[in-house]
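What follows is a short report on a single structure.
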Amino acid sequence: MDYSEKIIELFENPKNVGELEDADVTVQEGDPTCGDTIQLSLKFENDVIKDAKFLSFGCASNIATASQLTEMIKNKTIDEAREITVQDVEEEVGGLPSVKMHCAVLATNALEKALQKALDEYEERKSEK
């Protein structure tokens with residue numbers, strides 16, 4: 001595979017790896033066609049993502065895109081994070097081989113799932129008051 005220098009760097013030295021013990025939201029997203037999986041944990045302060053961590057079970061591109069995504073979403077509001085696209089993630093890692101684009105899709109799907117879960121839980125708490 002012809003990986004960008006950034007993908008190699010993020011694979012060898014990923015950022016934000018692990019679990020947030022005090023996470024507000026934790027989701028897992030997988031791709032059954034390749035077996036890659038991402039667990040994404042988010043901590044919010046009001047509607048701003050204050051911390052993000054991931055666990056990856058997959059290839060170098062999966063690790064790199066998950067790592068880059070966590071960097072991209074920190075200190076963003078939920079609405080700002082929702083604007084992040086597959087293409088944004090792909091550009092931030094310096095491009096992906098076409099057979100690895102599913103890794104950027106997986107990362108953004110995990111983000112969307114986490115943000116939706118956070119919004120659903122907020123609405124539930126609000127309706128209980």
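The values are calculated or read from the model by the stated rules, or taken from the named source; none is laboratory data. Bear in mind that the values here come from a model prediction, so they are computed numbers and not experimental data. With ideal geometry, Cβ positions are generated from the backbone for all residues, glycine too; neighbour counts draw on all protein chains shown. Ligands, DNA and RNA are excluded from the accessible area calculation, which covers all protein heavy atoms including side chains. Shrake-Rupley method; radii C 1.70, N 1.55, O 1.52, S 1.80 Å.
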(request) Output the residues belonging to the stretch 46-70 that are at pLDDT 95 or above and acidic (Asp, Glu). (result) 51
(request) Please work out which one of (1) closer than 18 Å to residue 7 by Cα; (2) out of contact with any Ser or Thr (no Cβ under 9 Å at 6 or more places or on another chain); (3) modelled with pLDDT of 95 or more is the condition residue 80 fails and give its number. (result) (1)
(request) Test residue 51 against the criterion of being within 15 Å of the chain's Cα centre (by Cα), open to solvent by 40 Å² or more (accessible area, probe 1.4 Å) and not small (Gly, Ala, Ser), and give yes or no. (result) yes
(request) Residues that are among the hydroxyl-bearing types (Ser, Thr, Tyr): find the strands (runs of 3 or more DSSP E) completely inside the stretch 11-129 holding 2 or more of those. (result) 37-45
(request) Quick one: count up the residues across the stretch 76-123 that are more than 20 Å from residue 33 (Cβ to Cβ), aliphatic (A, V, I, L, M) and open to solvent by less than 40 Å² (accessible area, probe 1.4 Å). (result) 7
(message) For the condition in contact (Cβ under 8 Å) with a residue 40 or more places away in the chain and not small (Gly, Ala, Ser), what is the one hit in 83, 19, 91, 71?
(response) 71
(request) Answer yes if at least one residue in the stretch 85-97 is within 20 Å of residue 23 (Cα to Cα), of a type in the set (Ser, Thr, Tyr) and in contact with a helix residue (DSSP H, G or I) (Cβ under 9 Å, 6 or more places away or on another chain), and no otherwise. (result) no
(message) For the stretch 94-116, which positions are without any contact (Cβ under 8 Å) to a residue 12 or more places away in the chain and of a type in the set (Ser, Thr, Tyr)?
(response) 98
(request) Answer yes or no as to whether residue 98 is modelled with pLDDT under 95, farther than 27 Å from residue 123 by Cα and hydroxyl-bearing (Ser, Thr, Tyr). (result) yes
